[in-house]
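So the structure is just underneath, and the comments pick up after that.
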Amino acid sequence: MSARNPGTDLDLEWLSKVRVNTQAVLKRAQHIQGLKLPKKQWQTAWLLKAASFIDLTTLAGDDTPSNVHRLCVKAIQPVRYDLLRRMDMHDKGLTTAAVCVYPSRVADAVRSLKAANSSLPVASVATGFPTGQTPLVTRLQEVCMAVRDGATEIDIVINRTLALTGQWEGSDFIKTSTGKEAVNATYPVAIVMVRAIRDYFLRTGHKVYHHVTGQYAAYHELPMA
């Protein structure tokens, strides 16, 4: 990631002027979903690139050091070696972008990656994931714990009460959802969010990144724009 987003003063007048044309967004989403898939000879390259953007994640209530270790092994080599060799990609260092775990499992992930001589980053959810409904002091303690144990990225769940009452927060990237809802990342929501990121960049010159959260049953369901 490039330089941190330093944030700006809260401008309620700017926010009050934000409008979303729902029908236009839905039409754009339908157009994107109707685009042709990459040509057959490029599909493998596209999928390998997509794999390199994934934060491989386990956020289960029964997470243990052993399944976190398996996650790390998979993140270091997300595609079978024999397949990579057939594509002459076995020595290109293909990994996922990071592994993501609960704060209490960060040390396990760091230990497994270090043992494998991997510099793959460890991300962690914090601040009362997935609801954000815990006291501020508890949320801050979670962040400190995860960073102390080696996390280099913190996925923070905002307190939606604050957002719904106009008490906004800033970030280096924004996510579509926690991945724990019945409906997570959707094309219309992603479009609205990336356009907000674009407007913020044009206004301030500061980049904020977009993180799509959820599960996809097949590669053709991955967002392409």
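No value in this document is a laboratory result; all are computed from the given coordinates. Because the structure is predicted, anything quoted here is derived from the model rather than measured. So basically every Cβ, Gly included, is an ideal-geometry build from the backbone, and we count neighbours across all protein chains shown.
Please state the relative contact order of the chain as a whole percent: Cα pairs under 8 Å, 6+ residues apart? Provide the component values of the computation, followed by the final result.
On the way: 267 pairs, mean separation 41.2, N = 225.
Taking the mean separation of contacting Cα pairs over the length of the chain, I get 18 percent.
Relative to the present Cα-Cα distance, how much length would full extension add between His210 and Ala97 at 0.36 nm per residue of separation?
Working: separation 113, 0.36 × 113 = 40.68 nm, distance 1.40 nm.
Taking His210 through Ala97 to full extension adds about 39.3 nm, to one decimal.
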note = To the nearest 0.05, the calculated FRET efficiency linking Leu83 and Asn184 through their beta-carbon distance, R0 being 35 Å, is 0.75
remark   = Listed by chain and number, the residues whose amide H is under 5 Å from that of Lys175, excluding neighbours fewer than 5 places away on the same chain and using placed H, are His211
ask   = Can you give me the Cα centroid spacing of segment 123-173 and segment 68-99 in angstrom?
value = 30
note = Taking a ≥ b ≥ c as the square roots of the eigenvalues of the Cα gyration tensor, with a/c under 1.5 meaning rounded and otherwise prolate when a/b exceeds b/c and oblate if not, segment 1-109 is oblate
ask   = Within the P(r) computed for the chain, what percentage of the Cα pairs occupies the region above 29 Å?
value = 35
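Kindly state, to the nearest 0.05, the FRET efficiency for Arg148 paired with Phe53, given R0 = 30 Å and r defined as their beta-carbon distance. Write out the running numbers ahead of the final one.
Numbers: r = 27 Å, r/R0 = 0.91.
Calculated transfer efficiency: 0.65.
Based on the Cβ-Cβ distance of Arg203 and Thr138, what FRET efficiency does E = 1/(1 + (r/R0)^6) give at R0 = 25 Å, to the nearest 0.05? It would help to have the intermediate numbers written out before the result.
Working: r = 34 Å, r/R0 = 1.36.
Calculated value: 0.15.
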request  = Could you tell me what % of all Cα pairs in segment 46-167 have separations over 23 Å?
outcome  = 38
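Need the full-extension length gain, Asp11 to Val73, defined as separation in residues times 0.36 nm minus the C-alpha distance. One decimal, nm.
On the way: separation 62, 0.36 × 62 = 22.32 nm, distance 4.53 nm.
Gain in length upon complete extension: 17.8 nm.
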Theoretical ellipticity at 222 nm over the chain - DSSP helices of four or more residues, -39500 (n - 2.57) apiece, nearest 500 = -12500 deg cm²/dmol
